[in-house]
1. What nm distance separates the two modelled labels at CYS6 and LEU50, each placed 7 Å from Cα along Cα→Cβ?
2. When the chain is fully extended, how far beyond the present Cα-Cα distance does GLN39 get from ALA63, taking 0.36 nm per residue of separation?
3. What base-10 log of the normalised intensity I(q)/I(0) is obtained for region 3-63 from the Debye formula, alpha carbons as equal point scatterers, at q = 0.21, 0.23 Å⁻¹?
4. Before anything else, pin down the relative contact order of region 3-63: Cα pairs under 8 Å, at least 6 apart, normalised by residue count, whole percent.
Amino acid sequence: MDDADCRRERLAGTAGLVVDQCTCGCVHLTIGAMTLRLQADGVVEVANVLQQAVIELQRRRSAPRRRLASVLPS
């Protein structure tokens, strides 16, 4: 299907992040001025990787920070 024939429907979004789906099935992930066109399976994979990253970020924030002096050799 030609892009001119596609119509987008908003799936979700905030001020700087939007997810639309075309009538042809393509998903458009727009972050600021950048748009990624993905198949639905690709969106699921991106979401899973981002979820793993968020979990790791939260783990790092909650982990006690080692003091620099205890890491450096004496």
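1. 1.8
2. Computed gain between GLN39 and ALA63 is 5.0 nm.
3. Here log10 of I(q) over I(0) equals -0.87, -0.97.
4. This gives 18 percent for region 3-63.
Any read-out appearing in this document is the output of simple, stated calculations on the displayed coordinates, not a laboratory observation. These numbers come from a predicted model, not from an experiment. Cβ sites come from the backbone with ideal geometry, for glycine too, and all protein chains shown count toward neighbours.
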